[in-house]
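Colleague: Sharing a structure below in structure tokens format, with a few things to ask.
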């Protein structure tokens, strides 16, 4: 080769290694190569499944919370009205009944009250019955908030129904029902949500000593006692002195009615919430009887009633 010969003119045998196509054919012909090729084809034809995000993983692993959500704040109007969760009863009395008078007599127990119910100081309702029969052997009379008295009657209906379902030939007597009412009233008092009532429970039931007459009362805080004659409300001040002076254990029903009417008449004169429409009930071993309402004969011709300010000291 001369000096004028260019390197480009020189032809050298260049070795590029084995043919790639031949190598691929050899690899594909092997068993492992066929498996890898088929796997690549399947991956190419299927849509890849996206992996869950970090937030999704934590959400799946998280357990449900047992913490209750916070209550929504009440506005001033709802809070003043006693709103919110749960059922509210009486925080202040609205529709109230007057005195209940009861006493034992020779054959059983007699009970009486008027049929008025006042909305505040307004005599709103004039035909409200506040004496009810409880079971076979008892009568109940209630003064105070009438809606709470209705709630107590629902309690007693459930109590007597459960007692009746036993079907054992026995039934609750007045002593047992009175004990139940004392527990109910004291329980509600401890919850600072009292039933705003004074209750009188009377009845007659046969016992080991014969016919046993029972008369007891319980007030809104659970204070209770048993007595021969009882009056609630304003009658506790005006009627009890009369009963203590004139009551006898061997009084007939007619004599007991006259004494009860005397007490009711005094309350009609002295209690502004009382009305001249009264109801009397009695209970004996033969059963209970609630008589229809009636009015008493009154006399307003007393000088003190006609002109109460005559002769009074003062300029007015």
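Colleague: Could you sort 123-132, 97-106 so that the peptide with the highest average Cβ count within 10 Å comes first and the rest follow in order? Display every interim value, and only then the final one.
Modeller: Values: 123-132: 16.3, 97-106: 25.0.
Descending mean neighbour count gives 97-106, 123-132.
Colleague: Quick check on packing: order 150-163, 274-287 by the mean number of other C-beta atoms within 10 Å, highest mean leading.
Modeller: Answer by packing, highest mean first, reads 274-287, 150-163.
Colleague: Write down the radius of gyration of the range 95-295 and its Dmax, each obtained from C-alpha positions, in Å.
Modeller: Considering the range 95-295 through its Cα atoms, Rg and Dmax are 16.1, 49 Å.
Colleague: Report the Cα centroid-to-centroid distance between the range 109-123 and the range 136-205 in angstrom, as an integer.
Modeller: 19
Colleague: Listing 253, 146, 225 from the residue with the fewest other Cβ atoms within 10 Å to the one with the most, what is the order? All intermediate terms of the calculation are to be shown ahead of the outcome.
Modeller: Working: 253 15, 146 23, 225 11.
Ascending number of Cβ neighbours within 10 Å: 225, 253, 146.
Colleague: Let me ask another. Kindly put 168, 148 in sequence by how many other C-beta atoms sit within 10 Å of each C-beta, fewest to most. Display every interim value, and only then the final one.
Modeller: On the way: 168 8, 148 21.
Ordered by Cβ neighbours within 10 Å, fewest first: 168, 148.
Colleague: Which whole-number percent is the relative contact order of the range 95-295 (Cα, under 8 Å, 6+ apart)?
Modeller: Numbers: 431 pairs, mean separation 60.9, N = 201.
The value is 30 percent.
Colleague: Between residue 147 and residue 183, how high is the FRET efficiency from 1/(1 + (r/R0)^6) when r is the Cβ-Cβ distance and R₀ = 30 Å? Nearest 0.05.
Modeller: On the way: r = 21 Å, r/R0 = 0.69.
Efficiency, from the Cβ-Cβ distance: 0.90.
Colleague: Sort 201-211, 174-184, 229-239 by the packing proxy (mean of other Cβ within 10 Å over each peptide's residues), most packed first. Write out the running numbers ahead of the final one.
Modeller: On the way: 201-211: 17.0, 174-184: 19.6, 229-239: 22.1.
The densest-packed peptide leads the list: 229-239, 174-184, 201-211.
Colleague: Provide the FRET efficiency to the nearest 0.05 for the residue 158-residue 126 pair, computing r from the beta carbons and using R0 = 25 Å. Don't jump to the answer; show the numbers that get you there.
Modeller: Working: r = 30 Å, r/R0 = 1.19.
Computed FRET efficiency for residue 158 and residue 126 comes out at 0.25.
Colleague: Arranged by the count of other C-beta atoms within 10 angstrom, fewest first, what order do 218, 200 take?
Modeller: On the way: 218 24, 200 27.
Ordered from fewest to most neighbouring Cβ atoms within 10 Å, 218, 200 come out as 218, 200.
Colleague: Suppose the chain between residue 290 and residue 272 were pulled fully straight at 0.36 nm per residue; how much longer would it get relative to their current alpha carbon spacing?
Modeller: On the way: separation 18, 0.36 × 18 = 6.48 nm, distance 2.53 nm.
Extra length from residue 290 to residue 272 when fully extended: 3.9 nm.
Any read-out appearing in this document is the output of simple, stated calculations on the displayed coordinates, not a laboratory observation. Please read all numbers here as calculations on a predicted model, not as lab measurements. Don't worry about glycine lacking a Cβ; one is built from the backbone with ideal geometry, like all the others, and counts go over all protein chains shown.
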